[in-house]
Amino acid sequence: MESNEILALITKAVEEHKGLDLEILDVSEITIVADYFVIVSGRSKLHVEAITKAILDEIELNGLTIKSKEGNSEGGWILVDLADVIIHVFSEEKRQYYSLDKLWQDAQKVET
């Protein structure tokens with residue numbers, strides 16, 4: 001599956017679960033780690049968990065492979081690594097603290 005199709009699946013899951021401040025960054029020109037970072041916030045631990053579960057369900061439903069999953073809603077940050085696409089689901093507090101949006105500010109933003 002192409003990256004743009006994966007991003008569409010993720011966007012759908014995030015929007016259906018009312019994720020906050022969805023950002024998709026094209027980091028392919030500035031790092032070898034991945035082609036895209038998806039950054040989204042949830043209002044609470046339960047919301048972070050629900051957003052992540054929705055994303056994981058879409059990934060599984062479409063037969064995609066998860067390279068790794070780290071973190072948990074208790075810690076306020078869940079990372080899902082799909083190789084070319086890395087998804088960061090944050091609590092609002094942790095998103096402000098880690099400020100990945102600013103760290104990767106040189107990346108092109110992908111319109112959803």
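Rule-based calculations on the coordinates, nothing more; no lab input. These numbers come from a predicted model, not from an experiment. Note: ideal-geometry Cβ built from the backbone for every residue, glycine included; neighbour counts use all protein chains shown.
For the set LYS12/LYS94; LYS18/LYS94; LYS67/LYS102; LYS69/LYS94; LYS18/LYS102; LYS45/LYS109, the pairs lying more than 21 angstrom apart at their alpha carbons are LYS12/LYS94; LYS67/LYS102; LYS18/LYS102; LYS45/LYS109.
Among the listed values [x] 10.7; [y] 8.5; [z] 6.2, the one matching mean projected area of the Cα convex hull in nm² as calculated from this structure is [z].
Let me know the longest stretch in the chain that avoids all trypsin sites (Lys or Arg not before Pro) found in a DSSP loop with at most 14 other C-beta atoms within 10 Å. Before the final figure, lay out each step's value.
On the way: sites that count: LYS18, ARG43, LYS67.
No qualifying site falls inside 68-112, the longest such stretch.
This ranking places GLU58, GLU49 by how few other beta-carbon atoms lie within 10 Å of each, fewest first, which gives GLU49, GLU58. Backbone geometry of segment 102-112 corresponds, through the Karplus equation with coefficients 6.51, -1.76 and 1.60 at θ = phi - 60°, to 3J(HN,Hα) couplings of 6, 4, 9, 5, 7, 6, 6, 7, 9, 6, 9 Hz, x marking Gly and Pro. A cut-off of 5 Å between modelled amide H atoms, ignoring neighbours fewer than 5 places along the same chain, links TRP77 with ASN72, SER91.
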